[in-house]
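Comments concern the structure below.
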């Protein structure tokens, strides 16, 4: 059943109103959809940046951890050397005490030497008797023998001083190595804690990312639904337009045919007037001219 032009116009206007509403709804849904997609995209970028930070942090942490692993054997080796040197020092100390006891040396070689020099100076500078000089010379001889024996202890002292210097040097090196280990271990721990912190932040914002994506998907689904409605409504509206265009075309064709029939009848009337040699009016002349006979 073909609707009347009036009915079709009313239907077309109704479709136009509905299309306008659907387009407004579609624009609003598109805005919401893109807004949520933008939020999701922004969060995804933050996650990528955080993951990159974790990678960099792990590289630094692993570097410091490796440095600690490499420094510990060195420090332990130095400490073992220190222990060995301390043992050697103690042995020399015991040897010194034993020598001093066996040789009955109660003074240091330097003091014994001072006594010798003092006695020799006395002999050279003071006027003393022959007997006194013989006594002092005997004493000097005894001191020189003692000094010779004490040189063994002096040699032990020298070794002990050398070992003591070595121990100080090694302890300094061990302390520096230990400080370096502590600092690198501290840096490694800092990086590890930073990694854990960033990982926790990623877990948190991943929830926001998933929520944003759900909202985007929700609005996208609504958008597609309204878009399909709009497509269907546009089809319906175009169908009504086609009907109206068809009616309009048919109406124009009918008018054209009516005009042609009217003009043909006018032409026939003018031709009859000419045959009868009647006077032509202005209207007759215009009709005559229209048909190419003027």
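Structure above, values below:
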read-out	value
Any hit, the range 5-17, residues being outside any helix (DSSP H, G or I) and in contact (Cβ under 8 Å) with a residue 40 or more places away in the chain	no
Any hit, the range 126-141, residues being surrounded by 11 or more Cβ atoms within 10 Å (Cβ to Cβ), within 30 Å of residue 91 (Cα to Cα) and touching a helix residue (DSSP H, G or I) at 6+ places or on another chain (Cβ under 9 Å)	no
Yes/no for residue 266 being part of a helix (DSSP H, G or I) and over 20 Å from residue 283 (Cβ atoms)	no
Selected residue (only one of 210, 166, 176, 120 is touching a helix residue (DSSP H, G or I) at 6+ places or on another chain (Cβ under 7 Å), at pLDDT 90 or above and surrounded by 12 or more Cβ atoms within 10 Å (Cβ to Cβ))	166
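The values are calculated or read from the model by the stated rules, or taken from the named source; none is laboratory data. Computed from a predicted model, the values in this text were never measured in an experiment. A quick note on method: Cβ atoms are made from the backbone with ideal geometry, for glycine too, and the neighbour counts reach across all protein chains shown.
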